[in-house]
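Taking it in order: structure first as structure tokens, then the write-up.
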Amino acid sequence: MEVNMIKINKLEIENVKRVKAVKMEPTANGLTIVGGKNSQGKTSVLDAIAWGLGGNKYRPSQPAREGSAVPPYLHIVLSNGLIVERKGKNSDLKIIDPNGQKGGQQLLDSFVEELAIDLPKFMNASAKEKTAILLRIIGVGDRLHELERQEQELYNRRHAIGQIADQKAKFAKEQPYFPDAPKEPISASELIRQQQEILARNGENQRKRQRLAQIQVAYTNQGEEVRRLKALLAEAETKYAQLGEDLEIAQKDTLDLIDESTAELEANIRQIDEINRKVRANLDKDKAEADANDYRVQYEALTAEITAIRRQKTELLTNANLPLPGLSVEDGELVYNGQRWDNMSGSEQLRVATAIVRRLKPNCGFILLDKLEQMDLETLREFGAWLEQEGLQAIATRVSTGEECSIIIEDGYVVGQEGVQLQQPPGEIDPGPTWGTGSKTTWKAGEF
């Protein structure tokens with residue numbers, strides 16, 4: 001990958017914002033720190049690079065150094081052989097291609113990533129915008145968006161069903177229950193019909209009892225008639241015998257008769273409204289419990305679907321070619337080593353941002369970083385080692401004059417290069433940049 005990555009080999013800046021004259025050779029891999037105190041021209045170096053490579057949309061509102069009669073001058077040598085210049089009254093762009101090909105800003109835009117020269121644009125973006133950039137470059141944005149849409153739809157349905165289930169269960173719990181009530185409502189006409197049947201059977205029993213009494217009277221009379229009318233004994237005895245047989249039959253018919261009570265039915269008729277109220281209450285409670293159970297079943301089914309979709313999202317991101325180990329997306333936000341963006345340290349945020357920006361245009365091998373004073377020296381070394389490991393070039397500023405600084409800017413010059421002149425006065429022949437040798441200022445990377 002590193003072979004195709006384009007980096008900044010050499011840099012000359014003159015009369016841009018606070019810079020008087022600065023030239024430097026950034027380290028190819030790792031961190032080049034431009035140090036110095038406040039208001040000395042450190043950030044002006046980064047602004048000049050952004051203007052030189054990013055085009056006029058990065059042109060400072062007042063590009064020329066205050067008090068200078070000489071216009072701004074930029075000279076950037078890239079690792080692919082291109083030389084990018086801005087000079088003259090209008091600071092026109094000039095690109096020198098060793099291969100003889102012509103090109104303007106469009107050529108630079110083909111490999112210079114906008115966020116590489118304007119990292120704050122990414123750092124200050126919303127969580128949703130950062131995530132969208134990452135998902136776009138790893139190619140899973142559309143699929144993840146569809147899965148999240150499905151998940152949200154199922155979640156909303158499950159939430160609604162869960163509320164209904166809770167309402168049904170609460171209703172069922174609040175309903176009274178009468179264990180002694182029948183399962184179905186009872187009818188007054190049915191109770192009356194049953195009462196009439198019992199009364200009819202009791203009436204029949206009464207008629208049988210009356211018949212028994214009549215036969216008993218007749219039997220008694222006939223006995224007296226026998227004693228009184230001896231002459232009619234034969235006839236009377238015959239009748240008597242017959243009556244005896246009838247009596248035996250009647251006694252047998254009435255022996256097992258038991259009258260049925262209508263008291264319970266009469267009570268039920270009097271209490272029919274209360275009984276039916278209890279029945280309906282029990283039915284309502286049973287139905288509410290059944291409904292609540294049905295909604296709970298639907299709730300669990302939707303929960304299973306949501307879990308399946310979340311598993312698909314996890315697998316989608318797990319199998320994606322993410323630009324940094326430990327980087328992922330959870331609930332629409334970037335997560336690095338288990339921490340969301342606002343919980344990441346400053347160095348972790350820079351590492352994530354650098355990795356994502358690098359993936360946007362893999363040929364862009366450099367990145368500009370401002371204000372690295374937020375990092376302590378140990379974290380700075382770790383970040384630099386990571387950049388070197390990844391084959392990335394970072395040019396950064398830091399309010400410091402310590403040994404960690406590659407160069408130190410003081411009053412618009414690199415310390416050790418004070419008074420250097422980069423542009424030739426009119427009429428003189430330009431012998432070319434003096435990178436380490438020549439009659440002007442002797443300069444070597446890392447020595448000032």
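The values are calculated or read from the model by the stated rules, or taken from the named source; none is laboratory data. What you see is a predicted model; the values in this text were computed from it and never measured. All Cβ positions, glycine included, derive from the backbone under ideal geometry; neighbour counts span all protein chains shown. Only protein heavy atoms, including side chains, enter the accessible area calculation; ligands, DNA and RNA are left aside. Shrake-Rupley method; radii C 1.70, N 1.55, O 1.52, S 1.80 Å.
Which ones in the range 387-407 are touching a helix residue (DSSP H, G or I) at 6+ places or on another chain (Cβ under 6 Å), within 25 Å of V112 (Cα to Cα) and assigned to a strand (DSSP E or B)? Within the range 387-407, A394, A396, T397, R398 qualify.
Residues in the range 338-347 that are farther than 17 Å from I33 by Cα and either at pLDDT below 90 or assigned to a loop (DSSP other than H, G, I, E, B) (or both): G338, M344, S345.
Each residue in the range 93-134 was checked for being out of contact with any Asp or Glu (no Cβ under 7 Å at 6 or more places or on another chain), in contact (Cβ under 8 Å) with a residue 60 or more places away in the chain and more than 18 Å from G365 (Cβ to Cβ), and 6 of them qualify.
Cβ-Cβ distances below 7 Å connect the following pairs, each with a first residue in the range 168-185 that is under 17 Å from A288 (Cα atoms) and touching a residue at least 60 places away in the same chain (Cβ under 8 Å), a second residue that is assigned to a helix (DSSP H, G or I) and open to solvent by 70 Å² or more (accessible area, probe 1.4 Å), and a separation of six or more residues or different chains: A172/E289; Q175/D284.
The set of residues in the range 3-25 that are part of a strand (DSSP E or B), touching a Leu at 6+ places or on another chain (Cβ under 8 Å) and not acidic (D, E) comprises I6, I8, N9, I13, V16, A21, V22, K23, M24.
Tally up the residues in the range 1-46 that are open to solvent by 10 Å² or more (accessible area, probe 1.4 Å) and in contact with a Pro (Cβ under 6 Å, 6 or more places away or on another chain), please. Of the residues in that region, 1 qualify. The single residue among E264, E245 that is within 24 Å of S189 (Cβ to Cβ), of a type outside the set (G, A, S), open to solvent by 70 Å² or more (accessible area, probe 1.4 Å) and part of a helix (DSSP H, G or I) turns out to be E264.
Listed conditions (1) modelled with pLDDT of 80 or more; (2) among the small types (G, A, S); (3) over 30 Å from Y299 (Cβ atoms); (4) open to solvent by less than 60 Å² (accessible area, probe 1.4 Å) are all met by A172, apart from (3). Consider the range 183-199 and keep the residues that are among the β-branched types (V, I, T) and in a helix (DSSP H, G or I). The one that is farthest from E266 (Cα to Cα) is I198.
Across the range 355-385, the qualifying residues are those that are β-branched (V, I, T) and farther than 13 Å from P120 by Cβ, and the one among them that is surrounded by the fewest Cβ atoms within 10 Å (Cβ to Cβ) is T379.
For the range 300-332, a residue qualifies if it is touching a residue at least 60 places away in the same chain (Cβ under 8 Å) and open to solvent by 60 Å² or more (accessible area, probe 1.4 Å), and the qualifying residues are E305, R310, Q312, N321.
Checked against (1) open to solvent by 60 Å² or more (accessible area, probe 1.4 Å); (2) modelled with pLDDT of 90 or more; (3) not polar (S, T, N, Q), K128 passes all but condition (2).
Consider the range 56-89 and keep the residues that are in a loop (DSSP other than H, G, I, E, B) and free of Cβ contacts under 8 Å to residues at least 12 places away in the same chain. The one that is surrounded by the fewest Cβ atoms within 10 Å (Cβ to Cβ) is S61.
Within the range 40-49, is even one residue farther than 27 Å from Q421 by Cα, assigned to a helix (DSSP H, G or I) and either in contact with an Asp or Glu (Cβ under 6 Å, 6 or more places away or on another chain) or of a type outside the set (F, W, Y) (or both)? The answer is no; no qualifying residue exists.
Could you please let me know if K121 is within 38 Å of the chain's Cα centre (by Cα) and under 20 Å from L46 (Cβ atoms)? It is true that K121 is within 38 Å of the chain's Cα centre (by Cα) and under 20 Å from L46 (Cβ atoms). Only one of the numbered conditions (1) modelled with pLDDT of 85 or more; (2) open to solvent by 100 Å² or more (accessible area, probe 1.4 Å); (3) under 30 Å from T262 (Cβ atoms) is not met by Q167, and that is (3).
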